[in-house]
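Working notes for the structure below.
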Amino acid sequence: MSTISIIGSGGMAAAIGGLAARAGHLVEVMSRDVDKARALAGQIGAGATTGTFGATPAGNIVILAVPYSAVLGVLKQYGEKLAGKLLIDITNPIKTDFSSFLTPEDSFGAREIARAAPADADIVKAFNTQFSHVLAVGSVKGHRLDVFIAGDNAQAKAHVSAFIESLGLRPMDTGPLFMARTLEHACMLCLGLMTHSVRHTNFSIGVSLPG
């Protein structure tokens, strides 16, 4: 397996890190809060380590598991230390009142991340349509959760797809990176369902294939 670096120490970092460790990957946790990073590494177990926030990540896959409101600052701090890395953007640029997006009207979160990242880093959108506690389970009654992805580099998407499959999840390629805008709107859809009809977060969205 491979080393997966996670920048962040919240619920999504715990969910993806836990699945990755169970799949046999070595997980590195990096966070501004060193105590939280150590606690999460201990929770993940399986030899998970902590890295220095802002230093070059050990893994070739780096998961950006911080809120969108913080991610551009994180990218600025890391700078060229992320050069050549495959960055998985799991963020959603949605205002806290769910009323609209934090990004300019002519852009979207993944595009802003791509602009802020080193030129030779590959950006793939993934995991942003799942709630962390649902994702942590990995499957429901034997059915794999769908993880929608978007990106411009076919090889990078293939690498991310293989990683997702190793976690016991089903990757669903939605196309080029501009489709990340649609995936960010899909998160807004989930939040709308949570607020107005389902009224809880114990659900996921996916694709049902007949036959």
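Read-outs throughout are calculated quantities, based only on the coordinates presented, and are distinct from any laboratory measurement. These figures come from a predicted structure and were not determined experimentally. Counting neighbours? That spans all protein chains shown, and the Cβs are built from the backbone with ideal geometry, glycine included.
Would you mind checking the pairs K85/K141; K76/K125; K95/K125; K36/K125 and listing those with alpha carbons more than 29 angstrom apart? Correct reply: K85/K141. Only DSSP H runs of four or more residues enter the estimate; each adds -39500 (n - 2.57), and after division by the residues of the chain the mean residue ellipticity at 222 nm equals -11000 deg cm²/dmol. For K157, the aspartates and glutamates whose Cα comes closer than 20 Å to its Cα, not counting residues fewer than 8 places off in the same chain, are D89, E112, D120, D122, D146, E165, D173, E184.
In a reduced charge model with +1 at each Lys and Arg Cβ and -1 at each Asp and Glu Cβ, segment 3-196 shows a dipole moment near 380 debye about its Cα centre. Applying 1/(1 + (r/R0)^6) with R0 = 30 Å to the Cβ-Cβ distance of H200 and M1 gives a FRET efficiency near 0.30. For the Cα trace of segment 33-151, dividing Rg by the Kirkwood Rh returns an Rg/Rh value of 0.97. 3J(HN,Hα) along segment 36-41, derived from phi through the Karplus expression 6.51 cos²θ - 1.76 cosθ + 1.60 where θ = phi - 60°, amounts to 5, 4, 5, 5, 5, 4 Hz, with x in place of Gly and Pro.
Taking every C-alpha pair closer than 8 Å and separated by at least 6 residues, the mean separation divided by the residue count of segment 3-196 gives a relative contact order of 19 percent. Sorted from longest to shortest, the spans of the Cα atoms of the chain along the three principal axes equal 42, 40, 33 Å.
From the Cα gyration tensor of segment 94-159, with a ≥ b ≥ c the square roots of its eigenvalues, which class applies: rounded if a/c is under 1.5, or else prolate if a/b is larger than b/c, or else oblate? The shape class here is oblate.
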